[in-house]
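Below is one structure; the comments refer to it alone.
The values are calculated or read from the model by the stated rules, or taken from the named source; none is laboratory data. As the structure is a computational prediction, the values presented were derived from the model and not from experiment. Note: ideal-geometry Cβ built from the backbone for every residue, glycine included; neighbour counts use all protein chains shown. Protein only, heavy atoms only, side chains kept; ligands, DNA and RNA dropped before computing areas. Shrake-Rupley method; radii C 1.70, N 1.55, O 1.52, S 1.80 Å.
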Amino acid sequence: MARTIQSLERAAAMLRLLAGGERRLGLSDIASALGLAKGTAHGILRTLQQEGFVEQDAASGRYQLGAELLRLGNSYLDVHELRARALVWADDLARSSGEAVYLGVLHQQGVLIVHHVFRPDDSRQVLEVGAMQPLHSTALGKVLSAYDPVAHSEAAEGERKAYTARTVTRMTDFEEVLDLTRARGWAADVEETWEGVASIAAPIHDRRRMPVGAVGVTGAVERVCPAGELRPDLVAAVRDCARAVSRDLGARPF
């Protein structure tokens, strides 16, 4: 059986205690409820307070949940709302394009795949939900880097690895790619991440017009980019899908 970290278990127990019952609890209340010495409880509370997970009322000295937990909770809800709103539109895009569809969001220094619709044929495919993709070389990553300042910083400060001979690694060249992405409203990856594979992606915005994710199609380069040119119908289909999801999230046309 895997060993657990006692201090983390105690911190989690404190957060659950503060989340239920009384809105604010004193140090003695918390220590007593969890069977901890006051000194131990105070040390854990102080750490949680420094991280923003717990706040202490200046007048009473009592503790309550902090704003950082609300921010994390909203991030969790935002991703799940995005996925829920995109389900039908992603299915439609896969059917109309004949290619696999991916929905991605910024996570740490990359793109986290939160939804994946298989290419509508009988070929063997692997579900890639939970997989990470690079920001600088993929179509999803370029879109996020172009529209999300945090993603841009991550891509600029992180390693821009050359996955193929086509991968853009110099920052000046990458900025030009992002300028083009913003100008036309979509991004492409033609064998920049995987040999023989091409992708097209567009941004998804919420009601605040903030970028919350990207949706795109991925397929064999000879289908997505025949004769060396990206198919205009695929570009239009991806952009229509992104606009539809954005509209369902409350975004108004720019």
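Key figures for this structure:
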{"quantity": "Residues of the stretch 18-65 satisfying the condition of being over 20 Å from GLN6 (Cβ atoms), of a type in the set (A, V, I, L, M) and open to solvent by less than 80 Å² (accessible area, probe 1.4 Å)", "calculated": "ALA19, LEU25, LEU65"}
{"quantity": "When residues of the stretch 166-207 are limited to those that are farther than 12 Å from VAL235 by Cα and polar (S, T, N, Q), the one farthest from the chain's Cα centre (by Cα)", "calculated": "THR172"}
{"quantity": "Scope the stretch 43-55; condition touching a helix residue (DSSP H, G or I) at 6+ places or on another chain (Cβ under 6 Å) and of a type outside the set (A, V, I, L, M, F, W, C); matching residues", "calculated": "GLY52"}
{"quantity": "Condition met for ALA201 (hydrophobic (A, V, I, L, M, F, W, C) and farther than 27 Å from ASP78 by Cβ)", "calculated": "no"}
{"quantity": "Residues that are among the aliphatic types (A, V, I, L, M), crowded, with 24+ Cβ neighbours inside 10 Å and assigned to a helix (DSSP H, G or I), drawn from the stretch 128-150", "calculated": "ALA139, LEU140, VAL143, LEU144, ALA146"}
{"quantity": "Candidate set from the stretch 76-95 (those that are surrounded by 17 or more Cβ atoms within 10 Å (Cβ to Cβ) and out of contact with any strand residue (DSSP E or B) (no Cβ under 7 Å at 6 or more places or on another chain)); member that is farthest from PRO211 (Cα to Cα)", "calculated": "TRP89"}
{"quantity": "Residue among THR172, THR164, THR218 that alone is open to solvent by 10 Å² or more (accessible area, probe 1.4 Å), among the polar types (S, T, N, Q) and in contact with a strand residue (DSSP E or B) (Cβ under 9 Å, 6 or more places away or on another chain)", "calculated": "THR218"}
{"quantity": "Check on VAL88, within 30 Å of PRO232 (Cβ to Cβ), in a strand (DSSP E or B) and among the aliphatic types (A, V, I, L, M)", "calculated": "no"}
{"quantity": "Residue match in the stretch 195-206 (condition: surrounded by 12 or more Cβ atoms within 10 Å (Cβ to Cβ), part of a loop (DSSP other than H, G, I, E, B) and at pLDDT below 95)", "calculated": "yes"}
{"quantity": "Breaking point among (1) more than 18 Å from ALA84 (Cα to Cα); (2) assigned to a helix (DSSP H, G or I), for PRO253", "calculated": "(2)"}
{"quantity": "Exclusive hit being more than 30 Å from GLY158 (Cα to Cα) and either in contact (Cβ under 8 Å) with a residue 60 or more places away in the chain or of a type in the set (S, T, N, Q) (or both), set LEU87, LEU103, LEU93, LEU65", "calculated": "LEU93"}
{"quantity": "Residue within the stretch 106-119 that is on the phi > 0 side of the Ramachandran plot and of a type in the set (S, T, N, Q) present", "calculated": "yes"}
